[in-house]
Every structure is written in C-alpha cells, then in structure tokens.
1. Out of everything in region A:165-187 that is facing chain B (nearest Cβ under 8 Å) and open to solvent by less than 20 Å² (accessible area, probe 1.4 Å), what residue ends up being nearest to residue B:135 (Cα to Cα)?
2. What is the number of the single condition among (1) farther than 23 Å from residue A:226 by Cα; (2) among the polar types (S, T, N, Q); (3) open to solvent by 40 Å² or more (accessible area, probe 1.4 Å) that residue A:13 does not meet?
3. What is the number of the single condition among (1) surrounded by 20 or more Cβ atoms within 10 Å (Cβ to Cβ); (2) more than 8 Å from every other protein chain (Cβ to nearest Cβ) that residue B:87 does not meet?
4. Could you list, in sequence order, the residues of region B:97-118 that are within 15 Å of residue B:149 (Cβ to Cβ) and of a type in the set (Asp, Glu)?
5. Would you confirm whether or not region A:71-84 contains a residue that is among the small types (Gly, Ala, Ser) and within 24 Å of residue A:260 (Cα to Cα)?
6. With respect to residue B:15, determine if the residue is out of contact with any strand residue (DSSP E or B) (no Cβ under 9 Å at 6 or more places or on another chain), aliphatic (A, V, I, L, M) and either within 14 Å of chain A (Cβ to nearest Cβ) or within 15 Å of ligand 2 (Cβ to nearest atom) (or both).
7. Return the residues of region A:231-253 that are touching a residue at least 60 places away in the same chain (Cβ under 8 Å) and not β-branched (Val, Ile, Thr); say none if nothing qualifies.
8. Please indicate, with yes or no, whether at least one residue in region B:55-70 is under 22 Å from residue B:171 (Cα atoms) and either hydrophobic (A, V, I, L, M, F, W, C) or not in a loop (DSSP other than H, G, I, E, B) (or both).
Amino acid sequence: MSVFDGLKYRKVSSPIHDLDPRIKFFYVCAIFVGAILFWTILPLLILFAIQIPFVLLAGVKREWLRSLRGTIFLAAIIFLTNLIVRYFASGGALLVTDLEFAAAMTLRFIVLVGSFSVFFLTTSPDHLGLALERTRMPYEFSFAFTTAVRFVPVLAEEAQTIMDAQKARGLELEKGNFLKRIRNYIPVLVPLIVSAIRRSLELAEAMESRAWGATKKRTNLYILRLKQGDFILFVITIVILMVTVYVRIYIDVPGLSQFLSGVS
Amino acid sequence: MIEVQDVGFTYPSGVEALRGVAFTVNNGEFIAIMGQNGAGKTTLVKHFNGLLKPSIGRVLVDGIETKKTSVASLAKKVGFVFQNPDHQLFSETVEEEIAFALKNFGFEEETIKKRVTWALSFLELKKYRKTSPFMLSGGERKRVALASVLAWNPEILILDEPTIGQDYKQKEKLRQFILQMQTQEKTIVIVTHDVEFVAECNPRVLLMTEGRIVADGQGKNILANPEVLAKSSVVPPQVVQIFSRLNELELPKNVIDLYEAKDLLLKKLEKRLR
Ligand SMILES: Nc1ncnc2c1ncn2[C@@H]1O[C@H](COP(=O)(O)OP(=O)(O)O)[C@@H](O)[C@H]1O
Ligand SMILES: [Mg+2]
C-alpha cells in the first residue's frame with residue numbers, strides 16, 4: 001500500500017507540478033538512460049542527487065521518501081542477488097568491487113523508482129491523458145489509461161475495506177501453508193473483481209449518457225502549452241543527457257574505493 | 001461489555017479520526033452511534049472487534065484489551081456487519097456464504113448445518129439457499145450479509161448503516177429483529193444517521209462530531225434537543241419538529257415516539273374542544 005501512496009498524485013501547485021508532462025516525461029527518460037549507462041556508484045549517486053532539488057521544489061518530500069521506503073524489500077533482494085551471483089562468479093571470493101557492484105545495481109533501481117515517483121507525484125492523471133492525446137494515440141486508449149491510473153487508489157482503499165469485512169468473519173489471511181495462504185485471498189479477490197466490473201459498467205453507462213464519442217473531434221478545456229519553466233527543464237535534460245553520454249564514452253569513471261584512495 | 005478508555009486514533013495518512021473518546025457499553029444494551037459523514041463512527045466501531053487498534057488509550061472487550069488479541073478471536077464475540085454487503089459476498093451459493101464464517105471459527109459439520117438453516121429461516125432466505133448471492137436484490141444481499149454474521153451467534157452485534165437503501169418494510173423488519181435480539185440479552189450497536197429509525201427504537205444515543213462524542217444519553221433526551229443535534233448536523237425527528245412548532249399547546253419537549261405523541265395530542269385536543 002505504501003508503494004501506491006508514493007505514486008498518488010495530490011493536487012497542489014508548485015513549479016514542478018505546473019510543468020508540461022511531456023517535458024517531465026522526457027526528463028524521466030533521460031534519467032533512465034543515465035541510470036542504465038552506468039555500473040558504478042559515483043555517477044548513480046549524482047543521478048540520485050539530481051532528483052532531490054526537484055522533490056524539494058515540488059514539496060512532496062514525505063510522499064517521495066515513503067515510496068522509496070516501500071522499495072526497501074525489492075532493493076534488498078536486488079542487492080543480495082547481485083552479491084550472491086558475483087560471489088559464485090568469482091569462485092567463492094568476495095572483493096570490495098563486488099560489494100560496490102551490488103550497491104550500484106541497487107542504487108540504479110532506487111534512481112529509477114525515485115524518478116518515476118517524482119513524475120507520478122507531480123503529474124495529474126488529466127495532464128497525462130492530455131499528453132497522451134497529443135501523441136495522436138486514439139482517445140479511447142488515453143482515456144482507458146488515465147481512468148486506470150485514477151482508479152488505483154480507489155481500488156486499494158476498497159481492497160482494505162473488503163479485507164476488514166472478511167477478517168470480521170474470522171478470515172485469517174496469514175494462516176496456513178503457502179498454498180492455503182493464496183487460497184485465503186479468494187474471499188478478498190472475488191468481491192474486489194465483482195465490484196470493479198460493476199463499477200466499470202456503471203462508468204460506461206454514465207459516460208454514454210453524457211454523449212461519449214458523439215463527435216469525432218473533441219475539444220479540451222485545458223490545453224497544454226509550453227512555458228518558460230518547460231524550456232528550462234528541457235535544456236537541463238539535454239545537458240544531463242549530453243554529460244552522461246560524454247562521460248560514459250570518454251571518461252573512465254573510477255570506482256568508489258579507487259576514488260576515495262585517490263582523494264586522500 | 002465494551003470499555004472505551006480515552007481513545008484517540010490517527011490514520012496513517014495523518015487524519016485524526018478519534019479524539020479522547022470514552023464510554024462503556026454494558027451487556028444487553030442497545031446503542032445508536034449518530035453523527036454526520038466523516039464524524040468517525042465507522043472508525044470507532046472498527047475498534048470494537050480489533051480491526052483498528054487505538055493510537056492512544058485502550059479498548060477492552062469483556063475485560064480483554066483489543067491490542068493484545070487477534071481480530072479472529074474477537075470476531076467470535078463481536079459480530080460486525082459492514083455497510084456494503086458487496087464487500088463481503090463471494091461464495092457460489094447463499095448457503096456457502098453463511099457457512100464461511102462458521103468454518104473459519106472451526107464449528108463442527110453438524111453444527112454448521114444447523115446454524116445455516118437457522119440463519120436462513122430467521123432472515124427469510126430459505127428459498128435462496130442454493131442461489132448465487134450476486135443474483136439477489138440489494139435488500140436481500142444485505143440480509144445475506146446479516147445472516148452470515150448472525151449464524152455464529154455473537155454476543156455483541158455491530159451494524160454499520162443498516163437502514164441505508166432499505167424500504168420502510170425492511171426497516172420495520174430490522175427493528176423487530178433488533179427488539180428480538182434484545183430479549184435475548186444481546187448487545188447491539190448500530191451506526192446510522194437515520195433519525196426517524198432511531199426515534200422509533202429509542203436506544204441510548206451517542207452523538208459524534210469530528211472524532212469526539214458530543215452527547216451521550218437516552219434517545220428521548222438527545223433527539224429532542226435541537227441545540228445538541230445541530231452540533232453534529234443531525235435534523236431532529238419529525239415528531240420533535242411538529243411539537244416545537246405547536247408550542248402554543250404547551251406540549252412536553254422530550255417526545256420522540258409516534259404513539260406517545262398521538263395520545264398527548266388527542267388529550268390536548270379533547271381538553272380544548274370541551
Ligand atoms: N482508511 C482510511 N484512511 C484514511 N482516512 C480515513 C480512512 N477511513 C476513514 N478516514 C477518515 O477518517 C474520518 C472518519 O471517517 P469514518 O469513521 O468513516 O466516518 P463516518 O463513518 O462517521 O462517516 C474521515 O475524515 C475519513 O476521511
Ligand atoms: Mg461510516
């Protein structure tokens with residue numbers, strides 16, 4: 001549930017919230033590319049640090065940290081798997097570089113989640129839909145996408161209520177062996193699915209009674225327009241992209257241990 | 001007996017839903033918790049079977065602190081019928097739906113059969129025994145949900161918004177049912193903002209606003225007190241409204257029962273006509 005909280009948009013105004021979703025998405029992609037280009041800690045740390053001013057400017061520090069905390073479990077798995085693989089690959093010896101590698105892979109994952117989280121925390125589903133529409137995607141698809149995004153928190157809340165209702169009838173989700181535990185979720189999943197289907201049918205009826213698809217060419221109440229801030233972010237993103245690619249090709253990035261011994 | 005001792009509760013999202021709530025529900029009592037939407041009524045009753053644990057203070061059910069036990073063991077004592085039956089119906093037949101909780105609580109096969117049959121006939125659902133609960137009407141689904149809880153015969157029964165979406169006949173049946181449960185010394189807690197329904201039953205009333213209890217007393221005294229009611233945006237029952245508008249007749253102020261009101265009015269009128 002906490003991971004969902006980290007992706008939940010709350011309507012507030014901030015320089016970051018007001019940015020154009022397309023440019024923001026471009027920025028997230030640039031961070032993605034950067035994160036995938038590097039295997040060492042230092043550049044990944046820098047990519048991580050770049051997120052921080054964004055988070056602070058947007059005023060979503062609490063939610064952002066919560067979404068990062070939600071990834072601890074996965075991050076731990078990534079760290080351990082990498083460590084174990086390196087351990088066996090190097091024939092049973094564990095070097096400092098192996099630790100560094102595992103840490104870097106984990107950090108890469110955290111950078112990816114972090115940038116995604118900033119994007120979702122500061123972009124309203126409506127704006128996202130508008131941006132999708134501008135990519136000439138059929139409106140049906142962009143509408144389905146935004147609706148799905150919007151209903152995730154509703155569904156999460158409903159799942160909680162259903163779990164409570166079944167617990168009140170003596171259901172113990174944590175009881176039994178592995179298979180039994182999966183079966184324990186049937187009384188939760190059935191009402192959840194049934195009510196989701198019922199809701200989607202109701203939504204379809206409500207939409208049709210409000211003339212969904214009556215005209216081929218729709219107009220929008222809000223129109224996305226690039227503003228000054230968007231150009232600034234665009235330039236920043238281009239710079240990030242160029243620097244990362246340049247560093248990747250022309251500079252031999254030192255590992256953390258090398259770097260530290262070089263400094264002292 | 002349920003003892004609520006200075007309970008405060010804050011949701012993880014930061015919403016403070018209960019503040020300094022303290023009262024005791026005695027065995028065999030019938031209580032209505034009233035108040036506007038978002039007052040914290042559901043949050044409060046979810047503490048009675050341990051679904052929520054207090055952030056501050058303690059809740060004791062028959063002397064056992066809810067923090068120190070599981071929902072499953074409390075649930076056997078405290079039956080909780082949720083507002084929306086669609087949040088719990090999942091079985092292929094009504095019969096299985098009712099047996100679900102009984103199986104969870106580990107009743108014997110024989111007992112389960114007996115109790116299911118009893119619950120079906122008690123709520124007039126016998127003809128739907130093999131029907132899918134999803135095929136039933138709203139009111140019937142609500143009755144199946146109620147039957148599925150009554151089946152294990154809990155000592156304390158909590159009904160969250162039982163009158164929503166029910167027609168007059170269903171409400172009257174519900175009232176009869178509550179009276180019947182009372183003769184069996186069951187403790188009943190209903191959450192509602194249906195004033196007329198509460199006026200007809202005249203239970204003890206707890207009035208809530210913004211997570212606090214603003215009034216606690218016999219329905220008669222609270223529902224006939226417009227100032228107190230206004231604090232939690234509850235409109236007084238119609239009888240009270242009529243009596244306050246007929247103030248020339250000098251009628252008593254604490255009448256909420258229709259029949260009592262009728263007798264009083266008739267007496268006054270007779271006196272005047274004579
Ligand atoms: N699961 C939840 N998470 C966060 N806040 C909640 C949750 N459930 C209820 N609330 C909030 O707690 C307050 C009390 O809600 P609730 O107990 O449902 O009120 P009522 O039943 O009196 O209408 C409301 O402000 C509501 O928004
Ligand atoms: Mg409620």
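1. First pass over region A:165-187, keeping only residues facing chain B (nearest Cβ under 8 Å): A:165-172, A:186-187.
Filter again for open to solvent by less than 20 Å² (accessible area, probe 1.4 Å), leaving A:165-166, A:168-171, A:187.
Numbers: A:165: 20, A:166: 20, A:168: 24, A:169: 22, A:170: 25, A:171: 24, A:187: 17 Å.
Taking the candidates together, the pick is A:187.
2. Tallying (1) farther than 23 Å from residue A:226 by Cα; (2) among the polar types (S, T, N, Q); (3) open to solvent by 40 Å² or more (accessible area, probe 1.4 Å), residue A:13 fails exactly one: (1).
3. The single condition residue B:87 does not satisfy is (2).
4. Looking only at region B:97-118, we keep the residues that are within 15 Å of residue B:149 (Cβ to Cβ), and these are B:97-105, B:107, B:112, B:115-116, B:118.
Across region B:97-118, the qualifying residue is only B:97.
5. Here is the first cut: in region A:71-84, the ones among the small types (Gly, Ala, Ser) are A:75-76.
Now drop any that are not within 24 Å of residue A:260 (Cα to Cα), which leaves none.
The answer is no, given that none of the residues of region A:71-84 is among the small types (Gly, Ala, Ser) and within 24 Å of residue A:260 (Cα to Cα).
6. Numbers: out of contact with any strand residue (DSSP E or B) (no Cβ under 9 Å at 6 or more places or on another chain): yes; aliphatic (A, V, I, L, M): yes; either within 14 Å of chain A (Cβ to nearest Cβ) or within 15 Å of ligand 2 (Cβ to nearest atom) (or both): yes.
Considered against the rule, which asks whether it is out of contact with any strand residue (DSSP E or B) (no Cβ under 9 Å at 6 or more places or on another chain), aliphatic (A, V, I, L, M) and either within 14 Å of chain A (Cβ to nearest Cβ) or within 15 Å of ligand 2 (Cβ to nearest atom) (or both), residue B:15 comes out as yes.
7. A:233, A:234, A:241, A:248
8. Kept after step one, since they are under 22 Å from residue B:171 (Cα atoms), are these residues of region B:55-70: none.
Checking region B:55-70: not a single residue is under 22 Å from residue B:171 (Cα atoms) and either hydrophobic (A, V, I, L, M, F, W, C) or not in a loop (DSSP other than H, G, I, E, B) (or both).
The values are calculated or read from the model by the stated rules, or taken from the named source; none is laboratory data. All values derive from a computational prediction rather than experimental measurement. Positions of Cβ are generated from backbone atoms using ideal geometry, with glycine treated the same way; all protein chains shown enter the neighbour counts. Surface accessibility is based on the protein's heavy atoms, side chains included, excluding ligands, DNA and RNA. Shrake-Rupley method; radii C 1.70, N 1.55, O 1.52, S 1.80 Å.
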